[in-house]
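Following: one structure in structure tokens, then a few remarks.
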Amino acid sequence: MNGLWLVARREITTRGRTKGFVVGLVLSAVLVGALAVLPRLFSGPDSFTVGVVDSPALQSALAGVAKDAEVTAEPFADEAAARKAVLDGDVDAAVVDDRRTLADGEVDRELGALLESAHQAAQTQKQLAEAGLDPAKVSAAMRVTPLEQVSVGADTRYEDVRTGIAFLLVMVLFFLLLQPSMYVAMGVVEEKGSRIVEILLTSIRPWQLLGGKILGLGILALANLVVIIVAGLGAAVATGFSADLPPGMTGIVLGTLFWFLLGYAFFATMAAALSSLVSRQEEVSSVISPLTLLIMATYFVSYFAAVEPGSGVARILSLIPPFSTMVMPVRTAGGGVPFWEIGLAAALMAVATAAMLALGARVYERAVLRTGARVKLSEVVR
Amino acid sequence: MIDIDDLHKRYGDKIALDGVSFSVKPGEMFGFVGANGAGKTTTMRILMGVLAADSGQVRRDGRALAFEDRRRFGYMPEERGLYQKMKVAEQVRYFGQLNGLSPKEAAKATGDLLERLALTGRAGDEVGALSLGNQQRVQLAVALVHDPEVLVLDEPFSGLDPIAVDALAEVLVERRTAGVPVLFSSHQLDLVERLCDSVGIISAGRMVASDTVEALRAREGRRLLKVVVRGAAPDWTTGLSGNITKNGDEVLFADANGSDQEILRAATAAGTVEHFGWERPTLTEIFREAVA
Ligand SMILES: Nc1ncnc2c1ncn2[C@@H]1O[C@H](COP(=O)(O)OP(=O)(O)OP(=O)(O)O)[C@@H](O)[C@H]1O
Ligand SMILES: [Mg+2]
């Protein structure tokens, strides 16, 4: 156990200090943080400035209708001044004489609707008062409880956000499954090619060396994942975007960590086993190409699942190891996945990971001391 | 006591080891010599368990070697292996801890060893930045850091400068004196002759000799008689039997076993006999003879 931990610690301290890891960590965190706030930046401001010329009723009505958005009214002396302000971009739109709306091109759709309903309310109130009705009674009658939204189908309110989260997960998991697996492969070949492994394996057992390497690099990758999640959620909170996050975020985050760990154990073991067949760094990429292909395939199917989380294909893929490691968290982010499906997928993947650990350790143990020409997989699997 | 018993190993059609047996006693320095490709490295790798023999056994004090025994061995493989990107002291400490030292013990042992191998100034450098000979010293430190009970070193002296050779020799002698069996291979026969109590000569996968240096010398059949006569006529040896080599006043007689007294008489008659005696064969001569 001590040997395992010593190896893991060496991996953490040496790999964690490399430029590649630090750059990857910072970049991924910045990227995800930026992506988390980007939709908000592009969806436009929810606060507007409206110029008003000679429309006092509208001005007070605006305050009544604008609940989610903030609308500031700015009075102008005449239409010419209002026009200039619109063209200069000082105001988003201007209302003149309770008749016309001025805008540079089209009025923002949300603002247009706000102005229209404020205008309706102001005019109705004014005309009713002119018809001789008590203004107090009128305004009491005008107070209407807005319609409450109830969805009888799937809850689609957060659909866009859920899809966004799913896409982020696809990217992050792809990066964090591929990168540390490559590190494992490179580390195995470094030790095999330089024959350090001969000294190491007279001091510790193969499983300690292999396990320690996978564990150490896994801890680094897990730390990277946590940093990414914190950066993403932190950016969302800082920009006020967190109010738009769907319920069940804790489940999504924990599920992602869980699936990452299973997937990492699977892919990293596979990387170690394959790379132990060769002795030179130049041969690494060709010998681990089955692994890279498998991760790529997982990436593509989970990309599909992010687009169509409810489809039958996504459901099936989310059960099949190792695709489940990325498809299932992506589907979970989409919402509405029954628990038994998650349980089944987890059980299947756990079995696949255990099998990969057993097989991978066997291949590694038999191949890692056979330096020289590339070892055939068939020779060491038997 | 380390016993290597009847090791056989083949690579495809090529027979690398064909019944290799020898023993290394506690407190014995054993030099393992042989031509390139004779099977030294193969034998040592099997001894260290990084290669499996086709048949044969390696025992310590009568018991087959297990992983736990080998953990307490110090091993230096033929192909040097170190983490190039790791710092010198950090690396030696790491291997010390892998072999069961506590962090404190490992740090102390590392400090002492680096001091002895004149590497203290490089302790904080990455191994890859060191010259080959200095990397070699780090490799030695890695093999020695956990105060091993048995030392198995494959060509530990190759690539070292004379100062480092002396430093390493001193460390090995010290270990030997402490009762550790020391087995090392080398092509530097003068060094082996100077340091070793016993020598094993391997040729084409078979042991052709394995004994103490004294016994090997005694067994050597071809004995040389060296005679130095001052003021003798150059042709004083005419008529004497044996294979004669002349070098100034110095004359070497090979195959002179039966005629030594006759030669002495001739020498005394010819001039002033300054030297008359049997030459001890050097290890190089024994080696040449054995593998011929
Ligand atoms: N992996 C291998 N595959 C095939 N043949 C090998 C392999 N390793 C060693 N041999 C062969 O086994 C024989 C013994 O090699 P070994 O390395 O033990 O020699 P050595 O005595 O250490 O030589 P040197 O003095 O050059 O280091 C050689 O003929 C070599 O070609
Ligand atoms: Mg050799």
Problem set entry | Alpha-carbon Rg with Dmax, taken over region B:102-154, Å | 11.2, 31
Problem set entry | 26 Å Cα-Cα reach of A:K137 towards lysines, excluding residues that sit fewer than 8 places from it in its own chain | A:K67, A:K126
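Mind checking B:96-103 for the average number of partner chain beta-carbons within 10 Å of each residue's beta-carbon? Before the final figure, lay out the partial values.
Working: counts 1, 6, 13, 5, 4, 0, 0, 1.
Partner-chain Cβ atoms within 10 Å, mean over residues of B:96-103: 4.
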Problem set entry | Segment B:D54-B:H8, extension gain: residue separation times 0.36 nm, minus the distance between their alpha carbons | 16.0 nm
Problem set entry | Fluctuation leader among A:I295, A:I252, A:I199 - chain A, Gaussian network, Cα springs under 10 angstrom | A:I199
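In whole angstrom, how long is each semi-axis of the equivalent ellipsoid of chain B, when you take the square root of 5 times every eigenvalue of its Cα gyration tensor and sort them from largest down? Don't skip to the end; give the middle numbers.
Values: eigenvalues 393, 113, 49 Å².
Listed largest to smallest, the semi-axes of chain B are 44, 24, 16 Å.
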Seminar exercise, completed: log10 I(q)/I(0) for region B:1-114, Debye formula on C-alpha points only (no solvent), q = 0.15, 0.18 Å⁻¹, two decimals, reads -0.81, -1.02
For this session: Name the residue, out of A:G112, A:G263, A:G232, whose mean-square fluctuation peaks in a Gaussian network model built on chain A with Cα pairs under 10 Å.
Result: A:G112
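What number do you get for region B:1-54 when its Cα radius of gyration is normalised by 2.2 N^0.38 Å, N = residues?
On the way: Rg = 11.4 Å, N = 54, 2.2 N^0.38 = 10.0 Å.
Normalised Cα radius of gyration, region B:1-54: 1.14.
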Problem set entry | Cα extents of chain A along the three principal axes, largest first (Å) | 101, 43, 34
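Over all directions, what mean area does the Cα convex hull of the protein assembly as shown project, stated in square nanometres?
Numbers: hull surface 190.6 nm².
If you wrap the Cα atoms of the protein assembly as shown in a convex hull and average its projections, you get 47.6 nm².
Per residue Cα convex hull volume for region A:163-283, in cubic angstrom?
Values: hull volume 13.3 nm³, N = 121.
Considering the Cα atoms of region A:163-283, their hull volume per residue is 110 Å³.
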Problem set entry | Cα principal axis extents for region A:47-133, largest first, Å | 42, 29, 18
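Give the value in nm², to one decimal: projected area of the alpha carbon convex hull of region B:55-111, averaged over all directions.
Working: hull surface 22.3 nm².
Mean projected area for region B:55-111: 5.6 nm², to one decimal.
Just the C-alpha atoms of region B:101-222: what Rg/Rh do they give, with Rh taken as the Kirkwood radius? Display every interim value, and only then the final one.
Working: Rg = 16.5 Å, Rh = 16.0 Å.
Expressed as Rg/Rh, it is 1.03.
Rg(Cα) of region B:219-291 divided by 2.2 N^0.38 Å? Intermediate results must be reported in sequence, preceding the final value.
Working: Rg = 12.7 Å, N = 73, 2.2 N^0.38 = 11.2 Å.
In units of the 2.2 N^0.38 Å rule of thumb, it is 1.13.
Any read-out appearing in this document is the output of simple, stated calculations on the displayed coordinates, not a laboratory observation. These numbers were taken from a predicted model, which means no experiment stands behind them. Ideal geometry is used to build each Cβ from the backbone, glycine not excepted, and the neighbour counts take in all protein chains shown.
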